[in-house]
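A.B. asks: This is the structure I want to talk about, given as structure tokens.
The values are calculated or read from the model by the stated rules, or taken from the named source; none is laboratory data. In this text, all values refer to a predicted model and were calculated from it rather than measured experimentally. Every residue, glycine among them, receives a Cβ derived from its backbone with ideal geometry; neighbour counts consider all protein chains shown.
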Amino acid sequence: GESVGLHLPTLSVQEGDNSIINCAYSNSASDYFIWYKQESGKGPQFIIDIRSNMDKRQGQRVTVLLNKTVKHLSLQIAATQPGDSAVYFCAERRDDKIIFGKGTRLHILP
Amino acid sequence: NAGVMQNPRHLVRRRGQEARLRCSPMKGHSHVYWYRQLPEEGLKFMVYLQKENIIDESGMPKERFSAEFPKEGPSILRIQQVVRGDSAAYFCASSPGQAGSPLHFGNGTRLTVT
């Protein structure tokens, strides 16, 4: 079965606040992790990735944190905007496959 | 993800018919992956292909499902004798195959079996 995706099914955040989406993985051999955003009716869109030799990586308004000790991954979105409403998936590379978790729906409150 | 092209976007089939889903990867990408997604669920890996080779089909049902990625032309996911449980969104993704490269997804084919 899938090992990625300890998550809250829905996360509601006030517009302008920061969002933190969490994910756990169980395979300590996984060496590459990715966050995807999926809007309704569309395919997953790459947000940011991180290799296992790093613990933090920043992009535009997004930061991914990797804690290998507890096998935990998080996505931080700064100054959340209405356009950030989507389902967010963490994914890990395992045996040349990318394995997805079930996702977290981010809901933006006005 | 506009670079990965999937067609058709929507496909309706009656039980027992065949469904063919096509995927053209991004330019320069030689690795193709197929995933299946049910409503409100994550993406389930089905198969990983390179040109003319199936690398990993551990997620493919043993019967009725097949995939190919020929030397020329798109990758095809074929479902024979469809049943209602095959109704889902099927996503294709491609990558250049280098370690640490993310997958780039198409917008999927939504299969409805009536």
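A.B. asks: Suppose we keep only residues that are within 14 Å of B:Ser24 (Cα to Cα) and among the charged types (D, E, K, R) within segment B:53-88. Which one would you say is surrounded by the most Cβ atoms within 10 Å (Cβ to Cβ)?
C.D. replies: Going through segment B:53-88, the residues within 14 Å of B:Ser24 (Cα to Cα) turn out to be B:67-77.
Restricting the remaining residues to those that are among the charged types (D, E, K, R) gives B:68, B:71-72.
Details: B:Glu68: 16, B:Lys71: 6, B:Glu72: 6.
Taking the candidates together, the pick is B:Glu68.
A.B. asks: Kindly indicate which of B:Glu41, B:Glu18, B:Glu72 is at pLDDT 95 or above and of a type in the set (Asp, Glu).
C.D. replies: Details: B:Glu41 fails: at pLDDT 95 or above; B:Glu72 fails: at pLDDT 95 or above.
Result: B:Glu18 is the single residue among B:Glu41, B:Glu18, B:Glu72 that is at pLDDT 95 or above and of a type in the set (Asp, Glu).
A.B. asks: For B:Arg36, are the conditions met, namely being under 21 Å from A:Ser40 (Cα atoms) and modelled with pLDDT of 95 or more?
C.D. replies: Details: under 21 Å from A:Ser40 (Cα atoms): yes; modelled with pLDDT of 95 or more: yes.
Answer is yes for this residue.
A.B. asks: Does segment A:27-38 contain at least one residue that is within 10 Å of another protein chain (Cβ to nearest Cβ), in contact with a Gly (Cβ under 8 Å, 6 or more places away or on another chain) and over 18 Å from B:Glu41 (Cβ atoms)?
C.D. replies: Yes; the residues of segment A:27-38 include at least one that is within 10 Å of another protein chain (Cβ to nearest Cβ), in contact with a Gly (Cβ under 8 Å, 6 or more places away or on another chain) and over 18 Å from B:Glu41 (Cβ atoms).
A.B. asks: Restricting to segment A:87-96, name every residue that is surrounded by 17 or more Cβ atoms within 10 Å (Cβ to Cβ) and within 7 Å of another protein chain (Cβ to nearest Cβ). Don't jump to the end; show me each part of the working.
C.D. replies: Narrowing segment A:87-96 to residues surrounded by 17 or more Cβ atoms within 10 Å (Cβ to Cβ): A:87-94.
Of everything in segment A:87-96, just one residue is surrounded by 17 or more Cβ atoms within 10 Å (Cβ to Cβ) and within 7 Å of another protein chain (Cβ to nearest Cβ), namely A:Phe89.
A.B. asks: With the structure loaded, tell me whether A:Ile77 is under 13 Å from the mean Cα position of the chain (by Cα) and closer than 18 Å to B:Phe105 by Cβ or whether it fails that test. It would help to see each step written out before you state the result.
C.D. replies: Working: under 13 Å from the mean Cα position of the chain (by Cα): yes; closer than 18 Å to B:Phe105 by Cβ: no.
Considered against the rule, which asks whether it is under 13 Å from the mean Cα position of the chain (by Cα) and closer than 18 Å to B:Phe105 by Cβ, A:Ile77 comes out as no.
A.B. asks: Here's a follow-up. Just need a number here: residues in segment A:1-29 that are of a type in the set (Ser, Thr, Tyr), surrounded by 13 or more Cβ atoms within 10 Å (Cβ to Cβ) and at pLDDT 90 or above.
C.D. replies: 1
A.B. asks: If I ask for residues that are crowded, with 19+ Cβ neighbours inside 10 Å and touching a Ser or Thr at 6+ places or on another chain (Cβ under 9 Å), which ones from segment A:99-110 would you list?
C.D. replies: The first filter runs over segment A:99-110 and keeps only residues crowded, with 19+ Cβ neighbours inside 10 Å, leaving A:99-101, A:103-104, A:106, A:108.
Passing the criteria: A:Ile99, A:Gly101, A:Thr104, A:Leu106, A:Ile108.
A.B. asks: Quick one: which strands (runs of 3 or more DSSP E) sit completely within segment B:1-44 and have at least 1 residues that are more than 13 Å from chain A (Cβ to nearest Cβ) and either over 18 Å from B:Arg78 (Cα atoms) or of a type in the set (Ser, Thr, Tyr) (or both)? So that I can check it myself, show each step before the final result.
C.D. replies: Values: elements: B:5-7, B:10-13, B:19-24, B:31-37.
Output list reads B:19-24.
A.B. asks: Which residues, taken from segment B:65-109, are among the hydroxyl-bearing types (Ser, Thr, Tyr) and either more than 14 Å from chain A (Cβ to nearest Cβ) or over 11 Å from B:Gln6 (Cβ atoms) (or both)? Spell out the reasoning first.
C.D. replies: Of segment B:65-109, the ones among the hydroxyl-bearing types (Ser, Thr, Tyr) are B:66, B:75, B:87, B:90, B:94-95, B:101, B:109.
Selection gives B:Ser66, B:Ser75, B:Ser87, B:Ser95, B:Ser101.
A.B. asks: Follow-up question, since we're still on this one. So, in segment A:52-86, exactly how many residues are within 14 Å of chain B (Cβ to nearest Cβ), part of a loop (DSSP other than H, G, I, E, B) and under 24 Å from A:Glu39 (Cβ atoms)?
C.D. replies: Qualifying residue count for the region: 1.
A.B. asks: OK, next. Which ones in segment A:67-86 are hydrophobic (A, V, I, L, M, F, W, C) and surrounded by fewer than 21 Cβ atoms within 10 Å (Cβ to Cβ)? Before the answer, list the steps.
C.D. replies: At the first step, the residues of segment A:67-86 found to be hydrophobic (A, V, I, L, M, F, W, C) are A:70, A:73, A:75, A:77-79, A:86.
Of everything in segment A:67-86, those that are hydrophobic (A, V, I, L, M, F, W, C) and surrounded by fewer than 21 Cβ atoms within 10 Å (Cβ to Cβ) turn out to be A:Val70, A:Ala78, A:Ala79.
A.B. asks: Can A:Asn53 be described as at pLDDT below 95 and more than 14 Å from the chain's Cα centre (by Cα)?
C.D. replies: Values: at pLDDT below 95: yes; more than 14 Å from the chain's Cα centre (by Cα): yes.
Judged against the criteria, A:Asn53 is a match.
A.B. asks: Condition first: assigned to a strand (DSSP E or B) and within 14 Å of chain B (Cβ to nearest Cβ). Now tell me which residues in segment A:97-106 satisfy that.
C.D. replies: Initial filter on segment A:97-106 (assigned to a strand (DSSP E or B)): A:97-100, A:104-106.
A:Lys97, A:Ile98, A:Ile99, A:Phe100, A:Thr104, A:Arg105, listed by residue number.
A.B. asks: Can you tell me which residue in segment B:45-60 is nearest to the other protein chains (Cβ to nearest Cβ), limited to those that are part of a loop (DSSP other than H, G, I, E, B) and within 14 Å of B:Ala88 (Cβ to Cβ)?
C.D. replies: B:Gly59
A.B. asks: Further question: Go through the residues of segment A:32-39 one by one and say whether even a single one is surrounded by fewer than 20 Cβ atoms within 10 Å (Cβ to Cβ), at negative phi, out of contact with any Lys or Arg (no Cβ under 6 Å at 6 or more places or on another chain) and not small (Gly, Ala, Ser). Spell out how you get there, then give the answer.
C.D. replies: Filtering segment A:32-39 for residues surrounded by fewer than 20 Cβ atoms within 10 Å (Cβ to Cβ) gives A:32, A:39.
When the remaining residues are screened for being at negative phi, the result is A:32, A:39.
Next cut, out of contact with any Lys or Arg (no Cβ under 6 Å at 6 or more places or on another chain) only: A:39.
Retained after the next criterion (residues that are not small (Gly, Ala, Ser)): A:39.
Yes: one or more hits.
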